[in-house]
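Asker: I'd like to ask some things about the structure below.
The values are calculated or read from the model by the stated rules, or taken from the named source; none is laboratory data. This structure is a prediction, so every number in the text was calculated from the model and none was measured. Positions of Cβ are backbone-derived with ideal geometry, glycine not excepted, and every protein chain shown enters the neighbour counts. With ligands, DNA and RNA removed, areas are computed over all heavy atoms of the protein, side chains included. Shrake-Rupley method; radii C 1.70, N 1.55, O 1.52, S 1.80 Å.
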Amino acid sequence: MSSSPVWHPFHQHGLGEDIPLVMRGEGAVLHTADGRRVIDAISSWWVTTHGHNHPRIMAAVREQTEKLDQVIFAGWTHEPAETLARGLVEMMPDGLDHVFYSDSGSTAVEVALKMALGYWHNREEPRHRILVLEHSYHGDTIGAMSIGARGVFNRAYAPLLFDVSTVPFPADDPQPTFDALEAACAVGDIAAFIVEPLLLGAGGMLTYPPQVLAEMRAICTRHGVLFIADEVMTGWGRTGTLLACEQAGVTPDILCLAKGLTGGSMPLAVTMATAPIFDAHYSTDRSKLFFHSSSFTANPVACAAAVANLAIWREEPVLDRIGTLSQRLGVVLDNLSQRREVIRPRQCGTMIAFDVDSGGDEGYLADIGPRLRAHFFANDVLIRPLGNTVYTMPPYCIAQDDIDRVAAVMASGIDLCVG
Ligand SMILES: *Cc1c(COP(=O)(O)O)cnc(C)c1O
């Protein structure tokens, strides 16, 4: 029994596992209270892009704390929110002209769903059904869980989850996905189709090609179904480009961004929308306004961190760093793929993943996951396998020595599990 009152997320306290106390972060490295230097090989659950405690982001935060901590955002505004919104509109695909703030990926997704339903409602053509891609993850609030894959993580809450339509994941042959999408869209009750572009994260680091994304977008356009891109994880360079959608030349109707929006330093999210979505809520009729807010909408300090992140993107060779890192990770994956136990190797930009063939022990609760995690941690590397899926997506600043170390502990971890 631990003496701490803290109840941790996605953690089984009953197993009595060690909970490291982190004192300091720097680049791709976390320093613990017991003096260990741990490589953060999963970017602290996919949020840290340029590295922990990035000097420019931390300086922006410090500066903002001298000016304004927090202010109501309903009908009020402040400099960091205005600067950030203008910067995002400039940087993101043309047409996403409106920026709605919230605080996490889950809320960005909830907002996207509410925008989509509000759009149809205010046009007096009500549509309620949401179409989703098999194996998706969009967050842990009730709405976000509803549109995500069902499994052990949400079984207890199933009675509260709303019904959605699901199209199959575009595995080797995308045709069944296209056919199912066509058929679902043709019925006429679908408000929106939501996807994780190119890379499904929590569903097991599953990838699909840009052409498939482009075709799915085209089908939605043909049927007037709103297309929501959840780039909460894929955004900010993770897949090799600023947005994954870029690789497919796709502009969504609604775009969700969070995690790397502040470089991963502060909780902040945006849901960006095209003019038709905003215009459907624009009226002299107050009953048509967008009914969503949270206390800390567009927190000024978090916005200042995001403004600094945008400056880094504009002024530093971020895409070059990402290209170099992707190349180095590709080498790691090639080497690991030589092993018989490494199956389904895959890469998407700065993310590499593979499954460990451990003789049938698969799925999120596969025993091999916690065993590997313990092995990685014992070797000062933070990696949390998703069941038997092992992956790394480090901060872009990770040093070659640290990449080598991650590769070495992955290799020894596989040996341990199959040996
Ligand atoms: C992490 C994630 C979310 C949820 O974001 P939170 O900030 O954890 O609420 C939503 N969608 C995707 C694709 C994610 O990876």
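Asker: Of all strands (runs of 3 or more DSSP E) completely enclosed by region 155-261, which ones contain at least 1 residues that are free of Cβ contacts under 8 Å to residues at least 40 places away in the same chain?
Answerer: So the answer is 165-167, 226-230.
Asker: Also, quick follow-up: Determine, yes or no, whether residue 294 is open to solvent by 50 Å² or more (accessible area, probe 1.4 Å), small (Gly, Ala, Ser) and out of contact with any helix residue (DSSP H, G or I) (no Cβ under 6 Å at 6 or more places or on another chain).
Answerer: No: the conditions fail for residue 294.
Asker: Could you look through region 395-408, keep only residues that are in contact with a strand residue (DSSP E or B) (Cβ under 7 Å, 6 or more places away or on another chain) and buried (at least 22 other Cβ atoms within 10 Å of the Cβ), and pick out the one that is nearest to residue 264 (Cα to Cα)?
Answerer: Across region 395-408, the extreme among qualifying residues is 395.
Asker: Here are the criteria: (1) in contact with a strand residue (DSSP E or B) (Cβ under 6 Å, 6 or more places away or on another chain); (2) more than 16 Å from the ligand (Cβ to nearest atom). Tell me which single one residue 239 does not satisfy.
Answerer: Residue 239 satisfies every listed condition except (2).
Asker: Return the residue satisfying two criteria in turn: it lies in region 262-275 and is away from the ligand (no atom under 12 Å from the Cβ) and assigned to a loop (DSSP other than H, G, I, E, B), and of such residues it is farthest from residue 52 (Cα to Cα).
Answerer: It comes out as 274.
Asker: Here is a list: 229, 302, 244, 258. Which entry is closer than 25 Å to residue 71 by Cβ, in contact with a strand residue (DSSP E or B) (Cβ under 7 Å, 6 or more places away or on another chain) and within 15 Å of the ligand (Cβ to nearest atom)?
Answerer: One residue alone meets the criteria, 258.
Asker: Can I ask one more? From 290, 227, 178, which residue is aromatic (Phe, Trp, Tyr) and more than 30 Å from residue 80 (Cβ to Cβ)?
Answerer: 178
Let's see how each residue does on (1) within 30 Å of residue 397 (Cα to Cα); (2) open to solvent by 10 Å² or more (accessible area, probe 1.4 Å); (3) out of contact with any Asp or Glu (no Cβ under 9 Å at 6 or more places or on another chain):
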position: 158; (1), (2), (3): no, yes, yes
position: 167; (1), (2), (3): no, no, no
position: 173; (1), (2), (3): no, yes, yes
position: 181; (1), (2), (3): no, no, no
position: 187; (1), (2), (3): no, yes, yes
position: 191; (1), (2), (3): no, no, yes
position: 203; (1), (2), (3): yes, yes, no
position: 207; (1), (2), (3): yes, yes, yes
position: 235; (1), (2), (3): yes, no, yes
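Here is a yes/no grid of residues against (1) of a type in the set (A, V, I, L, M, F, W, C); (2) closer than 29 Å to residue 238 by Cα; (3) within 16 Å of the ligand (Cβ to nearest atom):
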| position | (1), (2), (3) |
| --- | --- |
| 36 | no, yes, no |
| 44 | no, yes, yes |
| 47 | yes, yes, yes |
| 58 | yes, yes, no |
| 66 | no, no, no |
| 74 | yes, no, no |
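Matching residues to (1) out of contact with any strand residue (DSSP E or B) (no Cβ under 6 Å at 6 or more places or on another chain); (2) away from the ligand (no atom under 11 Å from the Cβ):
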{"site": "137", "(1), (2)": "yes, no"}
{"site": "171", "(1), (2)": "yes, yes"}
{"site": "177", "(1), (2)": "no, yes"}
{"site": "187", "(1), (2)": "yes, yes"}
{"site": "207", "(1), (2)": "no, yes"}
{"site": "210", "(1), (2)": "yes, yes"}
{"site": "223", "(1), (2)": "yes, yes"}
{"site": "233", "(1), (2)": "yes, no"}
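Asker: Let me ask something additional. Kindly establish whether residue 225 is under 28 Å from residue 151 (Cα atoms) and open to solvent by 10 Å² or more (accessible area, probe 1.4 Å).
Answerer: no
Asker: Residue 90 is checked against (1) under 27 Å from residue 265 (Cα atoms); (2) more than 16 Å from the ligand (Cβ to nearest atom); (3) in contact (Cβ under 8 Å) with a residue 40 or more places away in the chain and fails just one. What number does that condition carry?
Answerer: (3)
Asker: Please enumerate the residues belonging to region 105-128 that are more than 16 Å from the ligand (Cβ to nearest atom) and either without any contact (Cβ under 8 Å) to a residue 60 or more places away in the chain or open to solvent by 70 Å² or more (accessible area, probe 1.4 Å) (or both).
Answerer: 121, 123, 124, 125, 126, 128
Asker: So, in region 139-154, how many residues would count as being more than 13 Å from the ligand (Cβ to nearest atom) and either touching a residue at least 40 places away in the same chain (Cβ under 8 Å) or at positive phi (or both)?
Answerer: Of the residues in that region, 2 qualify.
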